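**Student:** Before anything else, here's the structure in question.
The values are calculated or read from the model by the stated rules, or taken from the named source; none is laboratory data. What you are looking at is a predicted structure, and each value in this text was computed from that prediction instead of being measured. Cβ placement follows ideal geometry from the backbone for every residue including glycine, while neighbour counts extend to all protein chains displayed.
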Amino acid sequence: MENVRPESMARITTPELANAFIEQAIKELRDQIGDQKVLLALSGGVDSSVVAKLLIRAVGQQLVCIHVNHGLMRKGESEQVVEVFRENLGSNLIFIDATERFLTKLEGVSDPEKKRKIIGGEFIEVFAEEAAKLKGIAYLAQGTIYPDITESKGIKSHHNVGGLPDSFHFELVEPIRLLYKDEVRMVGRALGLPEEMVSRQPFPGPGLGVRCVGAITRDRLEAVRESDAILREEFAKAGLAGKVWQYFTIVPDFRSTGIKDGKRSFEWPVIIRAVNTQDAVTATIEELDWKILAHITERITHEVAGVNRVLYDLTPKPTGTIEWE
Ligand code: XMP
């Protein structure tokens with residue numbers, strides 16, 4: 001497979017160019033896969049969703065998708081994957097809810113790199129176990145994109161635990177390996193994927209796990225998930241969703257005193273992070289409107305259990321990283 005983008009390849013900037021790419025990709029996928037079966041780990045992120053949709057067009061029911069919910073997904077995300085790919089597109093989707101397995105393994109683990117290793121390693125194990133139950137798979141599809149290949153220090157390869165077990169003898173299918181992120185989004189739109197899925201902000205492989213600082217507990221993880229859902233809802237309402245590069249909430253593992261319903265409370269703070277960047281190597285802070293921040297604070301402190309304060313992180317990268325772990 002060609003891994004260098006030819007100089008002659010035009011940047012995909014219009015729906016027409018996206019359609020031309022799709023036609024060509026479908027032809028190549030059919031040539032490569034023939035009448036064999038192909039397996040895909042479908043996270044619900046832009047890259048794997050675009051690959052899934054291309055493969056559905058190219059080989060239909062020969063595609064088998066596995067979606068693993070590691071329990072660290074954002075609110076409603078796994079449900080949306082099932083709705084879009086199984087219910088609307090009728091694809092072969094195996095949905096594994098491995099929440100208990102992941103959270104049990106993560107109990108009491110506070111070191112960020114250990115947390116990442118457990119999440120990455122467990123993910124591969126669950127995926128390999130499911131794949132082993134399937135018969136006659138010849139290919140493994142991946143949502144590799146061009147920056148993953150060209151930037152050896154790329155975020156995905158740097159952070160995520162790669163490497164499938166030796167029992168995986170599948171040939172790789174990587175239909176978007178020569179595309180940049182903006183082109184993947186353009187192709188996703190041309191394929192008719194929901195805008196919410198196509199314009200989705202980057203989400204780390206270990207999910208909300210790196211935003212539930214320190215040892216993950218179920219109640220604090222819920223506070224991360226619920227506050228993140230409120231933040232996303234309010235950003236969408238304020239027209240910020242497509243404008244700010246990445247925005248999310250963090251819940252640290254300490255509490256502070258507050259007052260709720262006339263009584264002293266001792267609860268967690270929620271930290272809001274909203275940053276802009278070109279390449280995630282450096283980042284600047286979104287200068288959020290004070291009124292929006294105050295409204296989000298009001299909602300989070302009243303609607304999220306166990307939370308009595310909201311803080312806004314003003315730190316650019318450097319000196320802070322984008323995530324807190
Ligand atoms: P940092 O925190 O290093 O993040 O400034 C830069 C970008 O990378 C994302 N990120 C990750 N992505 N697995 C991923 O796939 C990870 O372990 C991981 N850690 C950080 C982060 O969300 C930001 O977009």
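**Student:** Assess whether A305 counts as being more than 16 Å from the ligand (Cβ to nearest atom) and within 20 Å of the chain's Cα centre (by Cα).
**Tutor:** no
**Student:** Something else now. Any idea how many residues of the stretch 171-205 are within 16 Å of the ligand (Cβ to nearest atom), out of contact with any strand residue (DSSP E or B) (no Cβ under 7 Å at 6 or more places or on another chain) and within 14 Å of E77 (Cβ to Cβ)?
**Tutor:** Of the residues in that region, 4 qualify.
**Student:** Restricting attention to the stretch 246-290, and to residues there that are surrounded by 15 or more Cβ atoms within 10 Å (Cβ to Cβ) and of a type in the set (K, R), which single residue is nearest to the ligand (Cβ to nearest atom)?
**Tutor:** Filtering first and then ranking leaves R273.
**Student:** Quick check on this structure: which one of I259, I271, I292 is among the aliphatic types (A, V, I, L, M) and touching a Leu at 6+ places or on another chain (Cβ under 6 Å)?
**Tutor:** I271
**Student:** I would also like to ask the following. Is there any pair linking a residue in the stretch 106-127 that is not assigned by TED's automatic domain parsing to the domain that holds R218 and surrounded by 15 or more Cβ atoms within 10 Å (Cβ to Cβ) to one that is of a type in the set (F, W, Y) and outside any helix (DSSP H, G or I), with Cβ under 7 Å and at least six apart or on different chains, and which?
**Tutor:** That search, which allows pairs on different chains as well, returns nothing.
**Student:** Please enumerate the residues belonging to the stretch 224-249 that are under 18 Å from E77 (Cα atoms) and either in contact with a Phe, Trp or Tyr (Cβ under 8 Å, 6 or more places away or on another chain) or in a strand (DSSP E or B) (or both).
**Tutor:** If the condition is that a residue be under 18 Å from E77 (Cα atoms) and either in contact with a Phe, Trp or Tyr (Cβ under 8 Å, 6 or more places away or on another chain) or in a strand (DSSP E or B) (or both), then D228, L231, R232, F235, A241, Q246, Y247, F248, T249 are the ones that fit.
**Student:** If the requirement is being in a helix (DSSP H, G or I) and within 16 Å of the ligand (Cβ to nearest atom), which of these qualifies: L293, L314, L221, L208? Steps first, answer last, please.
**Tutor:** On the way: L293 fails: within 16 Å of the ligand (Cβ to nearest atom); L314 fails: in a helix (DSSP H, G or I); L221 fails: within 16 Å of the ligand (Cβ to nearest atom).
Among L293, L314, L221, L208, only L208 is in a helix (DSSP H, G or I) and within 16 Å of the ligand (Cβ to nearest atom).
**Student:** Given Q246, Q278, which one is of a type in the set (S, T, N, Q) and at pLDDT below 95? Talk me through it step by step, then tell me what you get.
**Tutor:** Numbers: Q246 fails: at pLDDT below 95.
That would be Q278, the only listed residue that is of a type in the set (S, T, N, Q) and at pLDDT below 95.
**Student:** Of the conditions (1) assigned to a helix (DSSP H, G or I); (2) at pLDDT 95 or above, G108 fails just one. Which one is it?
**Tutor:** (1)
**Student:** Let me ask something additional. So in the stretch 28-55, with the set limited to residues that are in contact with a helix residue (DSSP H, G or I) (Cβ under 8 Å, 6 or more places away or on another chain) and of a type in the set (D, E, K, R), which one is surrounded by the most Cβ atoms within 10 Å (Cβ to Cβ)?
**Tutor:** Within the stretch 28-55, the match that is surrounded by the most Cβ atoms within 10 Å (Cβ to Cβ) is K53.
**Student:** Collect the residues in the stretch 69-90 that are modelled with pLDDT under 95 and either assigned to a loop (DSSP other than H, G, I, E, B) or touching a helix residue (DSSP H, G or I) at 6+ places or on another chain (Cβ under 7 Å) (or both), keeping them in residue-number order.
**Tutor:** If the condition is that a residue be modelled with pLDDT under 95 and either assigned to a loop (DSSP other than H, G, I, E, B) or touching a helix residue (DSSP H, G or I) at 6+ places or on another chain (Cβ under 7 Å) (or both), then L89, G90 are the ones that fit.
**Student:** Using the structure shown, decide if A98 is in contact with a helix residue (DSSP H, G or I) (Cβ under 7 Å, 6 or more places away or on another chain), buried (at least 18 other Cβ atoms within 10 Å of the Cβ) and not assigned by TED's automatic domain parsing to the domain that holds T217.
**Tutor:** Spelling it out, A98 is indeed in contact with a helix residue (DSSP H, G or I) (Cβ under 7 Å, 6 or more places away or on another chain), buried (at least 18 other Cβ atoms within 10 Å of the Cβ) and not assigned by TED's automatic domain parsing to the domain that holds T217.
**Student:** Select from the stretch 126-137 the residues that are farther than 12 Å from A98 by Cβ and out of contact with any Leu (no Cβ under 9 Å at 6 or more places or on another chain) and list them in ascending order.
**Tutor:** Selection gives A132, K133, K135, G136.
**Student:** To continue, here is another question. Go through (1) within 29 Å of D228 (Cα to Cα); (2) in contact with a Leu (Cβ under 9 Å, 6 or more places away or on another chain) one by one and return the number of the condition V59 breaks.
**Tutor:** Of (1) within 29 Å of D228 (Cα to Cα); (2) in contact with a Leu (Cβ under 9 Å, 6 or more places away or on another chain), only one is false for V59: (1).
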